[in-house]
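For reference, the structure is listed below as C-alpha cells.
What follows is calculated from the coordinates using simple rules that are stated; it is not laboratory data. Every value quoted in this text rests on a predicted model; they were computed, and no experiment measured them. Counting neighbours? That spans all protein chains shown, and the Cβs are built from the backbone with ideal geometry, glycine included.
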Amino acid sequence: MTATTPRSRTDLLRPDGTAVRVLVVDDEASLAELLSMALRYEGWQVHSAGDGAGALRIAREFRPDVVVLDMMLPDMDGLAVLGRLRRELPEVPVLFLTAKDAVEDRIAGLTAGGDDYVTKPFSLEEVVARLRGLIRRSGAAQARSESLLTVGDLTLDEDSHEVTRGGESVHLTATEFELLRYLMRNPRRVLSKAQILDRVWSYDFGGQANVVELYISYLRRKLDAGRSPMIHTRRGAGYLIKPGE
C-alpha cells in the first residue's frame, strides 16, 4: 500500500454543510485505521467496523454517505453485508476492497450492486479518488466553491469577505472575519486558544488568552443572537463551530 499526503481542507460537504460520512469495514485493524486516518485528513467523518454485524449496526446509527467494504469478513462475506445494507440504505454507494487475484469477487460485487472496487494492495490516493467520484455521482455531497465556506446556514466568502447566516448579512470586523474563517475551515474540530492565537493573531500564547475569549464573545453576539448557537466552548480544550441544532 502506498501512503500519500492527503489534503487538509475538505472541498466536499453534505447539503447541510456537515462533513461527508464514511463507513470503513475491514477486519484488518491496521488497514482500517490507516484508511480511516487518510479519510479524516480529507475532512470527512469516519466510523469503522471489523465485521459484518458491526458494520450493519453502525450503519443504522451513523447513516454513512459512502461505504468502503472488504469482500472477506470473519462473520459474513461482503455480498451479504451489501444486500442487508441496501435494504436499509438503498442509495448508499459501496466501494469494495478485493484480493488482487480474485476476479470472480470483483465481478460478483459489481453484479450484486457494488458501485466500484479497488484491489489490494492499493494506494490511499486511489481509494480517496474513487470515493470522491462515488460521492459526487450519488449526490450525497456537493463541491464547495474555492472561495465559499459553508457550515449549516452560515456562509463566508473568502474573496468578497461577505458573511451571511440564514440569508441575512452579518457585518464583521477584519479580526472577527479571520477568526470565523479559521473556525469554519475546521468545522466540528476543537481549536485551542493557542492554535487560534497563532493563526489569527500570529503570536505566542503567553498571557493573551483573554483576547480569544473576547473575540469569541463578539462573534457569538453577531452570529448566534436569536438563533441556535453555532460556536461552542469545550471547557479546558477550546472552541468549535458546527451547524445549529
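For the pair Ala99 and Asp224, the difference between a 0.36 nm per residue extended length and the Cα-Cα distance amounts to 39.9 nm.
Using the Karplus relation 6.51 cos²θ - 1.76 cosθ + 1.60 with θ = phi - 60°, the per-residue 3J(HN,Hα) values for region 73-88 come to 10, x, 10, 7, 7, x, 5, 5, 4, 4, x, 6, 4, 5, 5, 9 Hz, with x marking Gly and Pro. Subtracting the Cα-Cα distance of Asp157 and Arg137 from 0.36 nm times their residue separation leaves 4.6 nm of extension gain. Taking amide H atoms as placed 1.01 Å from N in the peptide plane, the amide H of Ser48 lies under 5 Å from those of Val24, each 5 or more residues away in sequence or on another chain. Here the residues Arg14, Arg57, Arg185, Arg235, ranked from fewest to most Cβ neighbours within 10 Å of their Cβ, fall in the order Arg235, Arg57, Arg14, Arg185. Taken along the Cα-to-beta-carbon direction at a fixed 7 Å, the label points for Ser169 and Glu125 span 4.4 nm. Multiplying the residue separation of Asn210 and Glu28 by 0.36 nm and subtracting their alpha-carbon distance yields 60.9 nm.
Here His171, His47 are placed in order of increasing Cβ neighbour count within 10 Å, fewest first, which gives His171, His47.
Amide H contacts of Thr18 (H built 1.01 Å from N, in plane; Pro and chain starts excluded): Gly152 sit under 5 Å, all sequence-distant by 5 or more or on other chains. Taking other C-beta atoms within 10 angstrom as a stand-in for reagent exposure, Trp201, Trp44 fall in the order Trp201, Trp44, fewest first. For Leu12, nonlocal amide neighbours, meaning residues 5 or more places apart or on other chains whose placed amide H falls under 5 Å from its own, are Arg144.
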